[in-house]
Amino acid sequence: MDEVRRVETVAVHAGNRVDPATGAVISPIHMSTTFRRNADGGYTDGLVYGRSDNPNRRALEECLAALEGGEVCAAFASGMAACAAILAALRPGDHMLLPEDVYHGVRSYVREFQSAWGLAWDSVDMTDVRAVRAALQPSTRLIWVETPSNPSLRISDIPAIAAIAHEHGALCVCDNTWATPIATRPLALGADLVMHSSTKYLGGHSDVMGGAVIAARDDDFFARVRAVQTMGGAVPSPFDCWLLLRSIRTLPWRMRAHTQNALALARALESHPAISKVHYPGLASHPGHEVAARQMALYGGMLSIEVRGGAAEAIAVTNRVRLFTVATSLGGVESLIEHRASVEGPLSPTPPTLLRISVGLEHPDDLIEDLLQALGEAVNGDR
Ligand SMILES: *Cc1c(COP(=O)(O)O)cnc(C)c1O
């Protein structure tokens with residue numbers, strides 16, 4: 001596509017070609033792990049072997065690069081595989097800055113492997129630009145941003161942090177899993193790399209694992225990420241790539257509806273007597289609202305609440321919901337709720353009263369009614 005298309009159009013078309021062999025409107029799934037070598041020693045389309053490349057993976061990567069406005073993309077078998085590829089592309093002695101409330105899988109992974117790899121890191125309040133600057137070391141090579149953050153939905157200022165990274169000769173990486181390119185386009189805001197767990201909103205139906213790294217430039221750093229993908233082999237199956245691409249076709253419209261529902265729920269819960277706090281960047285009361293309004297086109301479908309009392313009161317709410325499913329993960333069409341500290345384990349910095357909610361695509365009034373009854377309040381109305 002040469003013209004600049006709008007995001008809904010890109011989501012529907014990017015990476016798809018009518019199949020020249022059959023005329024099939026939707027690209028078929030290519031399960032073959034190996035590709036024929038031609039008489040001249042070359043390969044049709046440059047495809048050699050399934051670990052290094054596959055037509056469905058290519059199509060997915062083309063689509064994700066287009067959605068994020070990047071030059072290139074590498075798709076992985078999970079979000080953590082994508083994260084691990086970025087870390088593996090660093091060099092021994094490199095230092096990185098992670099948000100205090102970085103996704104717990106990333107924190108555990110770094111803790112587990114950083115010393116073996118000779119990586120150093122510090123965690124910092126990524127919402128505080130001055131603290132980020134103060135935490136830089138001469139060897140800082142990478143600043144990791146996750147906004148909105150998990151599970152407190154803190155908002156980091158991507159342009160400001162990217163500028164700090166660049167002044168310092170470091171890379172700014174943004175985990176864009178929660179926002180999706182429909183809500184935030186970190187590369188346009190100055191970030192160098194975007195990471196996704198496509199298991200979440202990109203997949204959108206809680207039935208496929210995946211991850212991706214999208215880079216603003218096809219440079220040496222990305223070449224190392226690509227090498228980890230093709231040599232390390234944590235690649236998504238052709239079917240997973242096909243399924244993800246199928247889901248991405250509706251992403252812009254799903255994100256609108258997730259956001260609409262989340263905002264309705266946040267507003268309904270904001271003044272509830274059993275709740276001490278609602279964390280949702282779309283609320284004017286949210287400390288990151290102003291930055292969010294600048295860098296987000298939509299506020300997204302995730303929110304968290306703090307229940308008055310302690311862990312027991314919070315867990316009791318999850319035991320009373322009927323429509324919400326008590327489960328981890330996010331981004332599917334069905335609404336989920338979970339007691340986050342229990343999921344993150346003993347080292348979790350998450351308040352014990354916090355419940356994380358992935359707002360699905362049910363009718364918002366049904367979701368509100370269910371939470372109100374779980375919070376122990378009779379639903380208003382003449383029933
Ligand atoms: C789920 C998630 C990940 C990890 O992705 P997997 O697909 O589970 O490996 C990373 N970052 C964020 C923000 C996530 O929500």
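Here are the numbers:
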| read-out | value |
| --- | --- |
| Cβ-based net charge around Ala264, under 14 Å, with every Lys or Arg adding one and every Asp or Glu removing one | -4 |
| Nearest-ten-degree value, helix 158-167 long axis tilted from longest Cα axis of the chain | 50 degrees |
| DSSP-assigned coil residues among trypsin sites (Lys or Arg not before Pro) in the stretch 193-240, each with at most 14 further Cβ atoms within 10 Å | Arg217 |
| Surface share of carbon and sulfur [accessible, 1.4 angstrom probe, percent] for the stretch 181-329 | 55 percent |
| Cβ-defined net charge surrounding Pro159, 12 Å radius [Lys, Arg +1; Asp, Glu -1] | +1 |
| Dipole-positive endmost among Gly233, Ala223, His95 within the chain (Cβ charges, Cα centre) | Gly233 |
| Dipole magnitude of the stretch 1-64 about its Cα centre (Cβ charges: Lys, Arg +1; Asp, Glu -1), debye to nearest 20 | 240 debye |
| Tensor-based shape of the chain (alpha-carbon gyration tensor, a/c under 1.5 rounded, otherwise prolate or oblate) | oblate |
| Point-charge dipole on Cβ atoms (K/R +1, D/E -1) for the chain, about Cα centre, debye to 20 | 380 debye |
| Rel. contact order, % - alpha carbon contacts under 8 angstrom, at least six apart, the stretch 169-215 | 36 percent |
| CD proxy at 222 nm, helix term only [per DSSP H run n ≥ 4: -39500 (n - 2.57); per residue of the chain; nearest 500] | -10500 deg cm²/dmol |
| C-alpha long axis of helix 104-117 to longest principal axis of the chain, angle in ° | 50 degrees |
| Within the stretch 112-246: Cβ-based charge dipole about Cα centre, in debye rounded to nearest 20 (Lys, Arg +1; Asp, Glu -1) | 180 debye |
| Gaussian network model of the chain, Cα within-10 Å springs - most flexible of Asn150, Asn319, Asn54 | Asn319 |
| Rounded accessible area of Ser247 (nearest 10 Å², 1.4 Å probe) | 10 Å² |
| Dipole of the stretch 9-111 [Lys/Arg +1, Asp/Glu -1 at C-beta], most positive-end residue of Ala85, Ala75, Thr34 | Thr34 |
| Degrees separating the helix 364-374 axis from the principal Cα axis of the chain, which is the longest one | 50 degrees |
| Largest to smallest accessible area among Trp242, Trp253, Trp117, Trp144 [probe 1.4 Å] | Trp253, Trp117, Trp242, Trp144 |
| Candidates His363, His339, His13: whichever shows maximal mean-square fluctuation once the chain is modelled as a Gaussian network with Cα springs under 10 Å | His363 |
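The values are calculated or read from the model by the stated rules, or taken from the named source; none is laboratory data. Note that this is a predicted model, so its numbers are computed, not measured. So basically every Cβ, Gly included, is an ideal-geometry build from the backbone, and we count neighbours across all protein chains shown. Just so you know, the surface numbers come from the protein's heavy atoms only, side chains and all, with ligands and any DNA or RNA stripped out. Shrake-Rupley method; radii C 1.70, N 1.55, O 1.52, S 1.80 Å.
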